[in-house]
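Encoded as structure tokens, the structure appears first; notes follow it.
The values are calculated or read from the model by the stated rules, or taken from the named source; none is laboratory data. Remember, predicted model here, so these are calculated numbers, not experimental data. As a convention, Cβ positions derive from the backbone with ideal geometry for all residues, glycine included, and neighbour counts pool all protein chains shown. Please note that ligands, DNA and RNA were not included when accessible areas were found on the heavy atoms of the full protein model with its side chains. Shrake-Rupley method; radii C 1.70, N 1.55, O 1.52, S 1.80 Å.
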Amino acid sequence: MPTRLPPITLYLLIANIVVFLLQQMMHATLLAHFALWPWGPDQMAQLPDGSVTAIGFRPWQLVTYGFMHGSIQHIFFNMFALYMFGGAIEQTFGPRPFLLYYFVCLITAALTQLLVVKYFTHGFEPTLGASGAIFGLLLAFGMLYPHERLMLIFLPIPIPAWLFVILYGGVELVLGVGGWQANVAHFAHLGGMLGGFLMIEYWRGKFPIKPKRRLMR
């Protein structure tokens, strides 16, 4: 467990907490404009103040949804994971690459969720939370520190990080395909892991277009 957080991880923690507090004061307004809504025609909705507004997808939602959370439990577990893994990943990547990595995972998670909703589930519910980016950080930890030991709170058995990530990703896939826990964006989680995997492989020089600086881990 880290004792001193590097700057980007600390700022992300603060930003998420501040936005969550703002949600408590103006929840419906923030949800209507800054949560991730499905692609497609807008729908009209009445806010608590009596005003009527059009709700639908807007480009900025690809980022803003990741700073909003649905409950104290939701933000607690996401911020706990950011606290646990963010510092180690930021120290490995450096501040600017870490910030880029975080937002790549967040955006690929959002795009994955939009595609799944549009072509498969066809619902019209908002997606919110930093989970897509958090799963990207978990993926990075498993790839960069594969032999570190991790364990779930409800299953206190230490297992290697690489196996933990594979098992967790497999569970998310099964839950998503099976339609269980419909209020959880399982495919957004998987999208965040996919974005993280592609980013790390690019930094390792595995693609035809090579990075200026390679990740040596």
What is the percent carbon and sulfur in the accessible area of the chain, measuring with a 1.4 Å probe over the protein chains and ignoring ligands? 70 percent
Rounding to the nearest 10 and keeping the result within 0 to 90°, find how far the Cα-based axis of helix 186-203 lies from the longest principal axis of the chain. 40 degrees
Using alpha-carbon coordinates, inclination of helix 161-178 to the longest axis of the chain, degrees: 30 degrees
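Taking 0.36 nm per residue of sequence separation and subtracting the Cα-Cα distance, how much length would be gained by fully extending the chain between residue 171 and residue 91, in nm to one decimal? Don't skip to the answer; put the middle values down first.
Details: separation 80, 0.36 × 80 = 28.80 nm, distance 2.89 nm.
Gain on stretching residue 171 to residue 91: 25.9 nm.
Run the numbers for residue 72 and residue 148: contour at 0.36 nm per residue of separation, minus the present Cα-Cα distance, in nm.
Working: separation 76, 0.36 × 76 = 27.36 nm, distance 2.89 nm.
So the extension gain works out to 24.5 nm.
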Got a sec? What order do 177, 63, 171, 116 fall in by accessible area at 1.4 Å, biggest, i.e. largest, first? 177, 171, 63, 116
Divide by every residue of the chain the summed helix terms, -39500 (n - 2.57) for each DSSP H run of at least 4, and state the resulting mean residue ellipticity at 222 nm, rounded to the nearest 500 deg cm²/dmol. -19500 deg cm²/dmol
Once phi is turned into θ = phi - 60°, what whole-Hz ³J(HN,Hα) does the Karplus curve with 6.51, -1.76 and 1.60 give for every residue of region 115-128, x standing for Gly and Pro? 5, 5, 5, 5, 9, 10, 8, 6, x, 9, 10, x, 10, 8
Rounded to the nearest 10 Å², the accessible area of residue 57 using a 1.4 Å probe with every protein chain kept is 40 Å²
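Stretch residue 198-residue 122 to full length: gain in nm at 0.36 nm per residue minus the Cα-Cα span? Don't skip to the answer; put the middle values down first.
Details: separation 76, 0.36 × 76 = 27.36 nm, distance 2.75 nm.
That works out to 24.6 nm of additional length.
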Among 196, 86, 70, the residue with the largest mean-square fluctuation in a Gaussian network model of the chain built from Cα contacts under 10 Å is 70
The chain, relative contact order [Cα under 8 Å, separation at least 6], %: 21 percent
Taking all protein chains together and a probe of 1.4 Å, list 44, 26, 79 from the most accessible to the least accessible. 44, 26, 79
Once ligands and nucleic acids are excluded and a 1.4 Å probe is used, how much of residue 151 is accessible, expressed in Å² to the nearest 10? 110 Å²
Straight-line reach from residue 118: which aspartates and glutamates have Cα under 17 Å away, leaving out those fewer than 8 places along the same chain? 42
Any idea of residue 165's accessible area? Nearest 10 Å², probe 1.4 Å. 10 Å²
If you work out semi-axes √(5λ) of the Cα gyration tensor in Å from the coordinates, which of (i) 38, 17, 14; (ii) 34, 22, 15; (iii) 30, 19, 18 do you get? (iii)
Expressed in nanometres to one decimal, the distance between label points 7 Å along Cα→Cβ at residue 63 and residue 213 is 2.1 nm
Everything considered on the Cα gyration tensor (a ≥ b ≥ c; rounded for a/c under 1.5, else prolate if a/b is larger than b/c, else oblate), region 98-217 must be described as oblate
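Just by accessible area at a 1.4 angstrom probe, what is the order of 212, 206 from largest to smallest?
Working: 212 220, 206 120 Å².
I get 212, 206, largest accessible area first.
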